[in-house]
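Please read the structure below before turning to the comments.
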Amino acid sequence: MATARPPGRGCRALPGWLLGAALLLGLRLCMELHREGPGSPGRRDPPGPPRPHLLPPPGPPRSARRRQVTYVRSGRRALPRGGGTTTPEPSCCTLRGLPRRKGPRWHIELQPWAGPAQSLDEEASRFLSYISTTQIACDHMGTDSLATDSSPATKPWLVCLDDRFGLAHQIRSKRCRLYSLGLGSDDTHFEVSMANDGCEVHRFDPSVKSAHVLESQRLWHHRLSIDWRDPHPAVAAQKPHSNTRKLGSILNEFGHHKIDILKADLESAEWKVLENLILEDVLEQIGQLVFEIHLHWPGFEVSGSESSVVRFWYSLLKELEQRDFRLFHTHKDVSKPQLFLKKDIFNASSCYTLSWVNTRWK
């Protein structure tokens, strides 16, 4: 007579001790997971494909939620994928009440060629005609006093003293400021005259013996050379008192926001210095320019064909005109060699003195 087997027994039934061990192992694993938490650095996943029951729920892990990064908008916004344009977002951190700075310029805009041949004759003819023709009338010019100069052609360093441009008023009220840029010139008649008239005069010359010399109540001499670039940071670190600066850097160091007159005799460095003043918008801080320009060679770091050099010169002067500077006096120095790019041509002198007034100067 067959007897019934008790339930749970047989070849397919699991022993009780094995079932109990599995339950204990599972309980311990759950406790470990709960203690470490999901995404913990100490947790190591077993090799092979991830197990479905061990994956965290959808969403960012806890460690990502803990780390918070703050971004500052740059004021620019990426274009949509489909193309087109979009309005840039305003910067979140722009200080109120301060004007926005213009974006940096890296080169000036060259004027079109003077003619189809792109020749030196065409470019020189246009350039020499431009610097020989005044653009605005100035009834009162002078250097020695506020009186009208009866013979302005005999004095190359001339400023415009018409009341509409404000310089005469600045001199009378003792609020005029003159910067004079030179390279070893002993002729300081213009600077002394303007200081005696009431201008605060700063003369920059690398040949000055001391760093800063106060010659009189209103005349300073500084052992500094104005360049079109500041020293390289590595050189500046080795020579913290380097005597070469851009004009914009000097203005910041001295705390000067405006210059009523900028006079420059830089022996062929004037072209690159003038380019720097244009590119960095320093011209907006200047009331009148009195520059001696040199034409016997291209100038420092000005290269290219002869016609392209003259085109570059002309483009610089046109930039002044576009910024509302008007030429009111021109002087051809017949005492200097009559050379134009090392050639005795065009009846040109190697040296001219030009004076501009900023018609928007307040």
- Message: What distance in nm separates the two pseudo spin-label positions at Lys174 and Asp162, each 7 Å out from Cα along the beta-carbon direction?
- Response: 3.0 nm
- Message: Please report the accessible area of Met194 (heavy atoms, 1.4 Å probe, ligands and nucleic acids excluded) in Å², nearest 10.
- Response: 0 Å²
- Looks like the stretch 302-344, by Cα gyration tensor root eigenvalues a ≥ b ≥ c and the a/c under 1.5 rounded cutoff (else prolate when a/b is bigger than b/c, oblate otherwise), is oblate
- Message: On a straight-distance basis, which aspartates and glutamates could pair with Lys246 in a cross-link, Cα separation under 15 angstrom, same-chain partners fewer than 8 positions away excluded?
- Response: Asp205, Asp227, Asp230, Glu270, Glu275, Glu280, Asp281
- Message: Not counting ligands, DNA or RNA, and with a 1.4 Å probe, what is Tyr130's accessible surface area in Å² rounded to the nearest 10?
- Response: 30 Å²
- Give the long-range amide H neighbours of His329: residues separated by 5 or more places, or on another chain, with amide H under 5 Å away, using H modelled in the peptide plane at 1.01 Å from N. Ser355
- Residue-wise, which Karplus ³J(HN,Hα) couplings in Hz belong to the stretch 261-276, taking 6.51 cos²θ - 1.76 cosθ + 1.60, θ = phi - 60°, and x for glycine or proline? 9, 10, 10, 9, 9, 10, 6, 5, 8, 5, 5, 6, 5, 5, 4, 5
- Note on the structure: Within the stretch 298-352, DSSP-loop GluC sites (Glu not before Pro) with at most 16 other C-beta atoms within 10 Å are Glu301
- Query: How are the C-alpha pair distances of the stretch 239-302 spread across 10 Å bins, as whole percents from the shortest bin up?
  - Reply: 19, 50, 28, 3
- Item | Most to least accessible of Trp297, Trp106, Trp157 (protein chains only, probe 1.4 Å) | Trp106, Trp297, Trp157
- Note on the structure: With all protein chains in place and a 1.4 Å probe, His257 shows an accessible area in Å² (nearest 10) of 140 Å²
- What spacing in nm lies between the two simple spin-label points modelled at Thr133 and Ala117, each 7 Å away from Cα in the Cβ direction? 2.1 nm
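The values are calculated or read from the model by the stated rules, or taken from the named source; none is laboratory data. Treat the numbers as computed from the prediction; the structure is a model and nothing was measured. No Cβ is skipped: glycine too gets one built from the backbone with ideal geometry, and neighbour counts run over all protein chains shown. Protein only, heavy atoms only, side chains kept; ligands, DNA and RNA dropped before computing areas. Shrake-Rupley method; radii C 1.70, N 1.55, O 1.52, S 1.80 Å.
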